[in-house]
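Beneath this line is the structure, given in structure tokens, with notes to follow.
Values in this text are rule-based calculations from the coordinates and carry no lab data. What you see is a predicted model, and the numbers here were worked out from it, not measured in a lab. So basically every Cβ, Gly included, is an ideal-geometry build from the backbone, and we count neighbours across all protein chains shown.
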Amino acid sequence: MRKLPIFTFINKMDRPGREPLELLDEIEQELGLKTYPVNWPIGMGDRFKGVFDRRKKQIHLFERSIHGRKAATNTVVNLGDPQIEELLEQDLYYQLKEDIELLDELGAELNLEEIHKGEMTPVFFGSAMTNFGVQLFLDAFLEYALKPGTHKSTVGEISPTYENFTGFVFKLQANMDPKHRDRVAFIRVCTGKFEKDMTVSHARTGKTVRLSRPQKLFAQDRASIENAYPGDIIGLNNPGVFAIGDTIYNGKKLEYEGIPCFSPEIFAYLRNPNPSKFKQFRKGVNELREEGAVQIMYSADESKRDPILAAVGQLQLEVVQFRMQNEYGVETRLETLPFSVARWVDGGWEILEKVGRLFNTVAVKDSWGRPVLLFRNEWNCQQVESEHPELKLNNTAPVVSGQEPESL
């Protein structure tokens with residue numbers, strides 16, 4: 001939608017899997033993205049020996065540790081080094097040579113302009129669990145990624161050189177440290193200089209917030225920071241102050257464009273079979289919704305208060321159930337609904353009342369109380385649109401700024 005650059009890391013090469021060329025083809029066919037493999041795997045599964053770095057024409061050899069308990073040893077050999085034939089099994093060496101020739105003949109050239117427009121994705125292979133191939137990915141990411149750019153706001157385009165500090169909340173995560181039940185807000189510094197303990201204005205609420213205990217987070221590592229600059233990501237403790245899409249700022253009031261919600265395809269009531277766990281159930285649902293782990297909708301019938309989970313994939317529902325049990329101590333049940341298409345109604349509830357009853361569909365409301373129509377399939381959706389041309393339906397929710405979603 002916003003033509004953001006997309007970087008692809010194909011993981012678990014030390015496990016059996018599909019052929020690399022098949023995976024590249026699937027990315028191109030399903031996502032309409034050109035691919036450029038920056039490195040190329042040598043073998044797979046038990047025979048995974050390393051990757052070939054196409055940028056530096058070097059082979060990085062993988063030496064696994066016992067049970068993967070520590071980072072894999074990385075031996076670097078230049079492509080023309082005669083030592084390669086001793087280090088690699090003959091069939092893997094000849095297969096690598098064939099693959100490199102094939103990629104050079106048939107593959108697209110690396111095009112940074114297309115990467116920056118989100119039209120080409122650089123592809124990397126490795127094994128994250130053993131930390132093999134990750135550094136190659138990070139080094140290339142620094143080289144290929146976009147520099148901080150302008151952002152749309154309520155006062156126009158804002159350049160990263162704008163003198164006052166502004167930031168955008170793009171992610172929330174609850175229980176990152178299970179011992180402390182913390183909630184972290186991830187904030188991108190858009191302009192100006194961030195300083196520890198600085199005081200800023202919160203655009204949605206109009207309140208003043210002190211930004212204390214800022215952290216830099218990378219995988220499981222955390223480190224306190226004093227300053228940050230445009231493009232940097234900082235983590236702040238979030239005692240319910242921040243929501244995804246919030247803007248914080250100093251100086252003249254402004255608000256950045258929010259993050260849209262996309263059309264889910266799987267719907268299910270989330271039931272709480274144990275009434276004594278209602279408080280924990282409510283807290284879990286609200287915090288997971290705040291994170292964006294899953295979209296939450298509700299029946300238009302006020303007597304039905306069980307939340308409807310709306311997801312793109314089944315895994316999202318399983319993650320919600322697991323986290324409800326593991327982090328909030330609540331066992332839940334899912335009751336699947338027979339719908340696969342969601343459309344937001346342009347014009348709100350008044351338009352729906354004028355249209356009257358619609359067959360093979362049900363009206364629900366999202367977390368902001370906006371009407372959403374659920375259809376059994378695309379055909380039902382198209383039928384309703386053709387029969388009611390006055391009904392304008394959108395597969396993306398309107399971007400919300402300055403409005404708190406409803407709690408359970």
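Points to keep in mind about this one:
- Estimated distance in nm for a label pair at LEU106 and LEU142, the labels positioned 7 Å out from Cα along Cα-to-Cβ: 3.5 nm
- FRET efficiency for the GLN220 to GLN135 pair, using the beta carbon distance and R₀ = 22 Å, is estimated at 0.85.
- Note that segment 318-330 has calculated 3J(HN,Hα) couplings of 5, 5, 4, 4, 4, 5, 4, 6, 6, 9, 10, x, 10 Hz, one per residue in order, obtained from phi through the Karplus relation 6.51 cos²θ - 1.76 cosθ + 1.60 (θ = phi - 60°); glycine and proline are x.
- Greater than 24 Å apart at Cα, pairs in LYS117/LYS216; LYS152/LYS207; LYS34/LYS57; LYS117/LYS196: LYS117/LYS216; LYS117/LYS196
- For the chain, leaving out every one of the GluC sites (Glu not before Pro) that falls in a DSSP loop and has at most 14 other Cβ atoms within 10 Å, the longest unbroken run is 1-88.
- Partner lysines for LYS279 [C-alpha distance under 22 Å; skip if fewer than 8 residues away on the same chain]: LYS179, LYS304
- 0 to 90° range, to nearest 10: angle between helix 20-31 axis and the chain longest Cα axis: 30 degrees
- Between the amide H of ILE10 and those of PHE124, PHE125, GLY126, distances stay under 5 Å, these residues lying 5 or more places away or on another chain, with hydrogens modeled in the peptide plane.
- Computing FRET efficiency as 1/(1 + (r/R0)^6) for GLU113 and LYS193, where r is the C-beta to C-beta distance and R0 is 25 Å, gives about 0.25.
- When each of LYS171/LYS252; LYS3/LYS56; LYS253/LYS283; LYS3/LYS147 is checked by Cα-Cα distance, pairs over 21 Å: LYS171/LYS252; LYS3/LYS56; LYS253/LYS283
- For the pair GLN83 and ARG47, label points projected 7 Å from Cα toward Cβ lie 2.5 nm apart.
- Seen from all directions on average, segment 266-394 presents a Cα convex hull projection of 7.9 nm².
- Qualifying aspartates and glutamates (Cα of each under 16 Å from Cα of LYS354; at least 8 residues distant if same chain): ASP346, GLU385, GLU387, GLU390
- Only helices enter this figure: runs of n ≥ 4 DSSP H residues, each worth -39500 (n - 2.57), summed and divided by the residues of the chain, yield -7000 deg cm²/dmol at 222 nm to the nearest 500.
- Qualifying aspartates and glutamates (Cα of each under 14 Å from Cα of LYS12; at least 8 residues distant if same chain): ASP46
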